Amino acid sequence: MNSRIFALHGALAALTLTAACKKDPTAPDVGTPNKLSFELNARTVAVADSFRSFVILRDRLGNPLATPVTVASCNSAVAAVIPASDAPQVRTAFFVKGVAFNATSVCVTASASGFKDTMHVSTVPFSLAITGGPDSITSGTTGVFTFVYKDAKGVALVGVTNPTFAAGDTTIAQATATPATVAGRAPGLTVVTASGPGGVSGTKNLKVVPAAFTGTTTPSGVLPGAFLVVHGGPGQVFDANTDVSIGSIATKYFPDSFSVRVSDVSTNGVKSFTVSGIGAGDVADTGSYSVGTPAAFGGTVTPSPVYPGATIWIHRAGGDPVMDTSMRAFRGTTATNLAGLTVDTSTVRPDSFKTSISDVQAANTYLFQFTRRGAGLVAERGSYVLPVGAWAGTLTPSS
């Protein structure tokens, strides 16, 4: 029995001795420097501002080592390195301060135990503002703007790359090849934005107003519903981008002129208009034209007098253009509130046409106007009185 116990003890002792003699395979990797790396490969900092970061030296197992790491700037006049501490964390902390703007990034290096790493730092302005320039410009002219870059402490910076200027609506204004210059195009409001290094930007509102139109319009005293011809001034070119505020261009006689129909209910007098999209610069001009008064209608209205609920016939006078379905008819109490008149097109004849009066039409003197009559697009205006009598009967019972 004792011999068995002694034999067992001997076997255990042998196993213990064997285990003690076996080496840890990871032992050589512990504490052996293997890699040095910054927190990030690249950073951006505003001039007069700073950021905090760190660098870590690791062994083969990825454990951080307390070995001192040297961190330095390649150009301390642009970006300066300031030591810091992240204790008790095992890593080397530091600040990088932006000292001056530089068009290209500079490097910050780290070295320890024969290992190196590099981080690239870009120094940029803290802010950009448009400090001067016009509030409005005339179409076809340019506006020059001034600007200033500042650092994080509000000090103006010099030597910074010129910002890129752009208009929010390029149909109204557009940046030119000249720095800080914007050209006016179509009239309207837009926002001019200056964009600089590091994503800084500044804005300014800009209004573009049309220039004076140097061309002519014909005929003078154009009638409602007729065509006005707009002739360009010296050097002006009309093209596919050209538009006019009067209405849609009817006939294009490009590059010199075009025609546009005047509103059928336009009142007489001088009217203003704007032509946009002129020439390669798509500039805009404003001018005026005159609208004449329609001729007096010489025909008749039956029945006479008319009354609410009546069907009426309007007859042309001899010598007037014939009536057809291409003409337009309007009615109102004044020349400024004319509205479309419903015409029974099945009743339109060369000499007359039929329309109706509402049963609840109020008593008044009404104007009626016809436009686009005949080849000459004649316009005429007449009137009729709508009387409404007083009820002379009685109502029973009275209470």
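Note on Ala375/Thr347: beta-carbon distance plugged into 1/(1 + (r/R0)^6) with R0 of 25 Å gives a FRET efficiency of 0.65.
Database remark: amide H of Ile172 closer than 5 angstrom to the amide H of Ala186 (H placed geometrically; neighbours at sequence offset of 5 or more, or on other chains; Pro and chain starts carry no H).
Estimated purely from DSSP H runs of n ≥ 4, each contributing -39500 (n - 2.57), the mean residue ellipticity at 222 nm for the chain is -1500 deg cm²/dmol once divided by its residues.
Convex hull volume of the Cα atoms of the chain, normalised per residue: 462 Å³. With Rh defined as the Kirkwood radius, the inverse of the mean 1/r over Cα pairs, the Rg/Rh of region 67-119 is 1.01. Partner lysines whose Cα lies under 28 Å from the Cα of Lys207, excluding those fewer than 8 positions away in the same chain, are identified as Lys150, Lys271. One chain, two ends: Ser398 and Thr141. Fully extended at 0.36 nm per residue, the span grows by 84.6 nm beyond their Cα-Cα distance. Within a straight-line Cα-Cα reach of under 23 Å, Lys35 can be paired with the following lysines, leaving aside sequence neighbours fewer than 8 residues apart in one chain: Lys116.
Since only Pro83, Leu367, Thr334 are under comparison, the one whose Cα sits farthest along the positive direction of the charge dipole of the chain, derived from C-beta charges on Lys, Arg, Asp and Glu, is Pro83.
Close amide H partners of Ile312, meaning residues 5 or more places away or on another chain with modelled amide H under 5 Å apart, are Thr355, Ser356, Ile357.
Straight-line reach from Lys153: taking Cα to Cα under 13 Å and skipping same-chain neighbours fewer than 8 places apart, the aspartates and glutamates in range are Asp49.
3J(HN,Hα) along region 78-93, derived from phi through the Karplus expression 6.51 cos²θ - 1.76 cosθ + 1.60 where θ = phi - 60°, amounts to 10, 9, 9, 9, 10, x, 8, 9, 10, 3, x, 5, 8, 6, 9, 9 Hz, with x in place of Gly and Pro.
When the chymotrypsin sites (Phe, Trp or Tyr not before Pro) in region 358-393 are filtered for DSSP coil states and for at most 13 other beta-carbon atoms within 10 Å of their beta-carbon, the remaining sites are Trp391.
Summary of the geometry: region 273-303 and region 71-102, compared by the centres of their Cα atoms, lie 72 Å apart. Projecting the Cα atoms of Thr142, Ala390, Gly132 onto the charge dipole of the chain, computed from C-beta unit charges around the Cα centre, puts Gly132 farthest toward the positive end.
Counted over the chain, the DSSP beta bridges are approximately 90% antiparallel.
Note that region 111-118 has calculated 3J(HN,Hα) couplings of 8, 5, 6, x, 9, 9, 8, 10 Hz, one per residue in order, obtained from phi through the Karplus relation 6.51 cos²θ - 1.76 cosθ + 1.60 (θ = phi - 60°); glycine and proline are x.
Put simply, the amide H of Phe213, placed in the peptide plane, has neighbours under 5 Å in Thr286, Gly287, leaving out anything fewer than 5 places away on its chain. Charging the Cβ of each Asp and Glu at -1 and of each Lys and Arg at +1, and nothing else, the dipole of region 31-124 about its Cα centre rounds to 140 debye. The charge dipole of the chain, taken about the Cα centre with unit charges on the Cβ atoms of Lys, Arg (+1) and Asp, Glu (-1), comes to about 1120 debye, rounded to the nearest 20. To the nearest ten degrees, helix 2-21 and the longest principal axis of the Cα atoms of the chain are 60 degrees apart.
Since every read-out is calculated from the coordinates, none of them should be taken as a lab result. Since the model is a prediction, treat every value here as computed from it, not as a measurement. Ideal geometry is used to build each Cβ from the backbone, glycine not excepted, and the neighbour counts take in all protein chains shown.
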